[in-house]
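This report refers to the structure that appears directly beneath it.
Please treat every number below as a calculation from the coordinates, not as lab data. Note that this is a predicted model, so its numbers are computed, not measured.
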Amino acid sequence: MGGAGERLLLAALFVLAGLVLLTAAVAPPNNVDSLNHHMVRVVRWAQQGSLEPFATLRNGQVSKPPFAELAILNNL
């Protein structure tokens, strides 16, 4: 197998990937796109109990595919 340098590099990559995963799991979304678009859809669909379109002044909330929102809903 590889030398000590390669093992050290691999260990550093695993640590970095673990820290990124921890940050993603713990930190809530807090940017403008998340709060104005994605989370609005998640909350609305969770309240409705369905993925039916809803009345809104923002066209993007009802016209874009819901992959990210479905992933969030499945984790609720």
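Before anything else, pin down the relative contact order of the chain: Cα pairs under 8 Å, at least 6 apart, normalised by residue count, whole percent. Write down the numbers at each step before the final one.
Working: 20 pairs, mean separation 20.8, N = 76.
Relative contact order for the chain comes out at 27 percent.
Hey, what's the Kirkwood Rh for the chain if you take every pair of different alpha carbons, in angstrom?
After inverting the mean inverse Cα-Cα distance, the result is 15.2 Å.
Within the chain, which complete DSSP H helices have Cα atoms spanning at least 30 Å along the helix axis and a mean Kyte-Doolittle hydropathy of 0.5 or higher? Numbers along the way, then the final one.
Details: long enough: 4-26 (33 Å, 2.05).
Going by DSSP H runs, the hits are 4-26.
Given the DSSP H assignment, sum -39500 (n - 2.57) over each helix run of at least 4 residues in the chain and divide by its residue total; what's the result at 222 nm in deg cm²/dmol, nearest 500?
Using -39500 (n - 2.57) per qualifying helix, the result is -18000 deg cm²/dmol.
Per residue of the stretch 49-57, what does 6.51 cos²θ - 1.76 cosθ + 1.60 with θ = phi - 60° give for ³J(HN,Hα)? Whole Hz please, x for Gly and Pro, Karplus curve as stated.
In residue order, the calculated couplings are x, 7, 9, 4, x, 10, 6, 7, 8 Hz.
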